[in-house]
Amino acid sequence: MKNYGFIRTAAAVPTVRVADVTYNTAEICRLAGEAFDKEVSLITFPELSLTGCSCGELFGQSLLVKGAEDGVRKILEFSRGKAMTIAVGAPVPYRSRLYSCAVIIRNGNIKGIVPKTYINAEESRWFASGADFLSKDARNDGQLLCNGKDTVREGFFGEIRYAGQRCNISPNMLFAAGHCTFAVELGNDIWAPVPPSSFHILQGAHLILNLSSDREVLMRHRYRNELLKQHSAKTVSGYIYTSAGFGESTQDNVYAGAASIWENGELIAENDRYQTVSSMVIADIDIEKLEGLRRKNAGFRSLSPSGTDASTYYRLYDRRNIGDAVLTDFGKKLYRHVEPHPFVPSEDLDYRCREILEIQIAGLIKRVSHINCQSAVIGISGGLDSTLALIVAALAFDRLGWSRERIVTVTMPGFGTTVRTKSNATDLMEALGTTSREISIVAACEQHFRDIGHDSSRHDATYENSQARERTQILMDIANQTNGIVVGTGDLSELALGWATYNGDHMSMYGVNAGVPKTLVRHLVKWAAENRFEGIAGKDGRSVREILLDIVDTPISPELLPANEKGEIQQVTEDLVGPYELHDFFIYNFMRYGYSPEKIFFLAQKAFQAEGETPAYDDETILKWLKTFVRRFFNQQFKRSCMPDGPKVGSVGLSPRGDWSMPSDAWSTLFANEIN
């Protein structure tokens, strides 16, 4: 089985009986057993889950503390033979002090005990702070226990005998489970100005477990989720949070039992709070994704090996290998949502469309105002890309207070132009009040064919590309006539696939759509129709909104081949190069996370073949177009190496000047072989 870089995690909230360790232990084991049956590798329980967190002065009773230690013994016995890591909360005595701790258990062994660092005023009545282990007096307080042997290591830790085993107790421990490294903080630690996890992350922890006992008050949950979202994003980490729930004393406070799992700022699993029964959420966290993002993050690359606080702190850490993860069949079931349209997620789509248009508008405003040009020249085909470029130009000129007549829109019908696209183009130009021109390229191309000795009945690359280059020449010359610039219309997806004629539609003086993938172009045009041009009158009773929405529904085509006998588009791009929703999925995961073709194929299966539904694409189709993507992405880099300026609008960009630096003669053999 392949794990594809994932680790299966769980956040569990058991019902508790305050001070009833026997009951609590049994419930913890029951939930851990359910998790193991679902192939969970790492399960986290709340703070002080063995005793209940609301015991108050009972924490001063030796019998309760000893009972918790006996509970750990039972969990140790339960865990034998299971390749699953269990993090459970317990009060742990050490040198006449009591600490609220996470006990890390795996296969019958305690792998380490992590004490809570930040103790609030009430907790300080019973518990000491894990900061005790970070003081200079604590240095080399005990032997570091590795693989059953005693070793000497500079660091802050203590040696403890607990539940019949010798182990270390310290806030500064990292645990490696297979390809994943995790660390622990408890409750209030995450609320500190600099949480312990900030240091854990810099030393290589991919995941942070937080065993908490947070009390629920108005707005606390929303604020806490914002904190976890921002912290997991800032640290590019997975964060597993679980807090005390039903059964805790409600004498003065209510514990809602919140459990959530985060990945790089994204909530991938969350339970319903205020349940009266035990609950558990499971999610597969992508460690490969986190590693890939960190390698691109300057905050992780810029740490000096010496001379910084973080590098000094590194010497204080114990990193221990606690074994492999559970052998999980991720192909059978994946506990996470795989977004089929990563460039167009349903969440905040209205905000995203508004913001992207603003970025495009701002970019064009700066360019035209900086060079003091008098016009913007755009070739209008009646398709999505040129329509979006025109929308951006119109809104930019409105912002500048310039007349839209300074936008020169040119429709250039050729051999494959259809009535629908031509009428949409001319109607839109007139409705928006631009200076419109119609220049047929048919005669010029026929003359060109005669000049170079090409048979016009041969509909090959020469036949198609000559039309694109003729159109670009017309636009460039009109820009010279009007002291303007040619605004490019090509989008990010076309650039990634090289679906553009070199020095034809590939070239412009500013490409406003260069950062916008094809699947997003359609949504931007639709959003503009409904939010920027609604109610504006157009030609022959058709409003600008109606024209734009008809363009949204038009098949994507370069229209370089003659129409069929019905005058309809014959050359549909997605029939030739593949569905853009698939290619955009490939582009995003290949460029953003550096995934291999095998993993992209696996994720595409999950994204487009939802369980219980008719698959959008079968395996053969996904594989076919994945091969096409890899081949074209490598072979067409030379077009991107000299692409025009244009604004980046999202996390993925192809500009060779800062986003995607790749040699034009790189080989795709390694990637193609994996697909084959």
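The values are calculated or read from the model by the stated rules, or taken from the named source; none is laboratory data. What you see is a predicted model; the values in this text were computed from it and never measured. Cβ placement follows ideal geometry from the backbone for every residue including glycine, while neighbour counts extend to all protein chains displayed.
In the set (1) of a type in the set (A, V, I, L, M, F, W, C); (2) at pLDDT 90 or above; (3) surrounded by fewer than 18 Cβ atoms within 10 Å (Cβ to Cβ), the condition left unmet by Val419 is number (2). I'm checking my understanding of the structure. Among residues of the range 5-44 that are part of a strand (DSSP E or B) and not small (Gly, Ala, Ser), which one is farthest from Tyr274 (Cα to Cα)? Once the filter is applied, the top-ranked residue is Phe6. Which members of the range 229-276 meet the condition of being among the small types (Gly, Ala, Ser), surrounded by fewer than 20 Cβ atoms within 10 Å (Cβ to Cβ) and modelled with pLDDT under 95? Matches in the range 229-276: Ser249 only.
When we screen Ser346, Ser369 for residues that are among the small types (Gly, Ala, Ser), exposed (fewer than 14 other Cβ atoms within 10 Å of the Cβ) and either closer than 12 Å to His523 by Cα or in contact with a Cys (Cβ under 7 Å, 6 or more places away or on another chain) (or both), the only hit is Ser346.
Conditions (1) part of a loop (DSSP other than H, G, I, E, B); (2) modelled with pLDDT of 95 or more; (3) within 30 Å of Val326 (Cα to Cα); (4) of a type in the set (Val, Ile, Thr), marked per residue:
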position	(1), (2), (3), (4)
Ala121	yes, no, no, no
Asp132	no, no, no, no
Asp150	no, no, yes, no
Glu154	yes, no, no, no
Leu174	no, no, yes, no
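Condition (residue is surrounded by fewer than 22 Cβ atoms within 10 Å (Cβ to Cβ) and either touching a residue at least 60 places away in the same chain (Cβ under 8 Å) or outside the structural domain of Pro555 (by TED's automatic domain parsing) (or both)) applied to the range 616-623: is it met by at least one residue? Yes, some residue in the range 616-623 is surrounded by fewer than 22 Cβ atoms within 10 Å (Cβ to Cβ) and either touching a residue at least 60 places away in the same chain (Cβ under 8 Å) or outside the structural domain of Pro555 (by TED's automatic domain parsing) (or both). Kindly indicate whether Glu69 is over 23 Å from Ala258 (Cβ atoms), surrounded by 17 or more Cβ atoms within 10 Å (Cβ to Cβ) and assigned by TED's automatic domain parsing to the domain that holds Ala259. Answer is yes for this residue. Residues of the range 432-442 include at least one that is surrounded by 18 or more Cβ atoms within 10 Å (Cβ to Cβ), in contact (Cβ under 8 Å) with a residue 24 or more places away in the chain and part of a helix (DSSP H, G or I).
Can you spot a residue in the range 294-303 that is farther than 28 Å from His179 by Cβ and surrounded by fewer than 21 Cβ atoms within 10 Å (Cβ to Cβ)? No, every residue in the range 294-303 fails to be farther than 28 Å from His179 by Cβ and surrounded by fewer than 21 Cβ atoms within 10 Å (Cβ to Cβ). Within the bounds of the range 447-470, is there any residue that is in a helix (DSSP H, G or I), in contact with a helix residue (DSSP H, G or I) (Cβ under 6 Å, 6 or more places away or on another chain) and acidic (Asp, Glu)? Within the range 447-470 (the criterion being in a helix (DSSP H, G or I), in contact with a helix residue (DSSP H, G or I) (Cβ under 6 Å, 6 or more places away or on another chain) and acidic (Asp, Glu)), the answer is yes, since at least one residue qualifies. Just one of the numbered conditions (1) without any contact (Cβ under 8 Å) to a residue 60 or more places away in the chain; (2) more than 38 Å from the chain's Cα centre (by Cα) is not true of Ile407: (2).
Quick check: is even one residue across the range 45-61 in contact with a Gly (Cβ under 9 Å, 6 or more places away or on another chain), assigned to a helix (DSSP H, G or I) and within 24 Å of Ala183 (Cβ to Cβ)? Checked the range 45-61: no residue is in contact with a Gly (Cβ under 9 Å, 6 or more places away or on another chain), assigned to a helix (DSSP H, G or I) and within 24 Å of Ala183 (Cβ to Cβ). On the stretch given as the range 350-376, residues that are more than 17 Å from Ala514 (Cβ to Cβ) and either free of Cβ contacts under 8 Å to residues at least 40 places away in the same chain or not in a loop (DSSP other than H, G, I, E, B) (or both) total 9. Flag not set for Ile75, criterion: within 20 Å of Val16 (Cα to Cα), aliphatic (A, V, I, L, M) and part of a strand (DSSP E or B).
The residue list Ala461, Ala468 contains one member that is touching a Gly at 6+ places or on another chain (Cβ under 6 Å), of a type in the set (A, V, I, L, M) and at pLDDT below 95, which is Ala468. Set side by side, the residues Lys599, Lys606, Lys627 differ, and just one is surrounded by 15 or more Cβ atoms within 10 Å (Cβ to Cβ), in a helix (DSSP H, G or I) and at pLDDT below 95, which is Lys606.
Results for (1) within 20 Å of Ala192 (Cα to Cα); (2) outside any strand (DSSP E or B), shown as yes or no for each residue.
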{"site": "Val217", "(1), (2)": "yes, yes"}
{"site": "Arg224", "(1), (2)": "yes, yes"}
{"site": "Leu228", "(1), (2)": "yes, yes"}
{"site": "Tyr241", "(1), (2)": "yes, no"}
{"site": "Ser249", "(1), (2)": "no, yes"}
{"site": "Val254", "(1), (2)": "no, yes"}
{"site": "Ser260", "(1), (2)": "yes, no"}
{"site": "Ile268", "(1), (2)": "no, no"}
{"site": "Gln275", "(1), (2)": "no, yes"}
